[in-house]
Every structure is written in structure tokens, then in C-alpha cells.
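In what follows, a structure is listed as C-alpha cells, so that the remarks can point back to it.
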Amino acid sequence: MSIDVRDLETDIRRALPDDPGRTVAVTVIDPATDSRLDINGHVLFHAASTMKIPVMIEVFRRDAAGRPTMQDGVVLRNAFRSIVDGSPYTIEDDT
């Protein structure tokens, strides 16, 4: 099964926030046809940005399995050390 990257690009651009202060990047490659979609693929992001999607996939997978549910409490700390150089990193509140 291959994807129509033009339709996909239209759908993705429609879903992107209309906010000049936010940057979203999407790259899709269809291995069957080598069709490519690249929206801001040249933009560099901190590695934490790349982890949000797989973390949320796992959260929803576990919620669907009933362990633990998204109603359960979770302790979050807004600080960690970079695996690159050990420097402290926090995520700023951008609201």
C-alpha cells in the first residue's frame, strides 16, 4: 500500500497550528514508492521533542490495556540531564 503524499501534505498542513511562534516538522518516506513529504525537515530540535510521540503512543497503549489508566497520578519532574553533555535541561512553560 502506498500513500498519496500530496493528500497527506494537505491534511498535515491543515492540522498544523497557525502560530508563527511554533515550529512543526514532518518527514514521511513511502518505502514502496520512495515518495517523500518534507515539511521543515531541515529544522533542528532538541532530542526531547522527538520523544513525545513514542511516549504518548505507549501511554495510550497502556491505557487501552488498563494498566495504568490515564486517570492514575504520575509524578513528573521538569528537569533531566542531557545524554550528550550532562548539562541540565528543563522545558519552559510557553503559555
* Could you say whether any residue in region 22-30 is more than 28 Å from Pro88 (Cα to Cα) and either among the basic types (Lys, Arg) or without any contact (Cβ under 8 Å) to a residue 12 or more places away in the chain (or both)? -> yes
* Could you list all residues from region 56-69 that are surrounded by 10 or more Cβ atoms within 10 Å (Cβ to Cβ) and assigned to a loop (DSSP other than H, G, I, E, B)? => Pro68, Thr69
* Asked: Would you pick out the residues in region 71-93 that are loosely packed, with under 10 Cβ neighbours inside 10 Å, without any contact (Cβ under 8 Å) to a residue 12 or more places away in the chain and of a type outside the set (Val, Ile, Thr)?
  -> Gln71, Asp72, Gly73, Leu76, Arg77, Ala79, Asp85, Gly86, Ser87, Pro88, Glu92, Asp93
* Structure fact -> Restricted to region 1-21 and to residues being surrounded by 10 or more Cβ atoms within 10 Å (Cβ to Cβ) and among the hydrophobic types (A, V, I, L, M, F, W, C), the residue farthest from Ile91 (Cα to Cα) is Ile3
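Quick note: the coordinates plus some simple rules give every number you see, no bench work behind them. It should be emphasised that the depicted structure is a prediction, and the values quoted were computed from it without experimental measurement. FYI the Cβ positions are ideal-geometry reconstructions off the backbone, even for glycines, and counts take in every protein chain you see.
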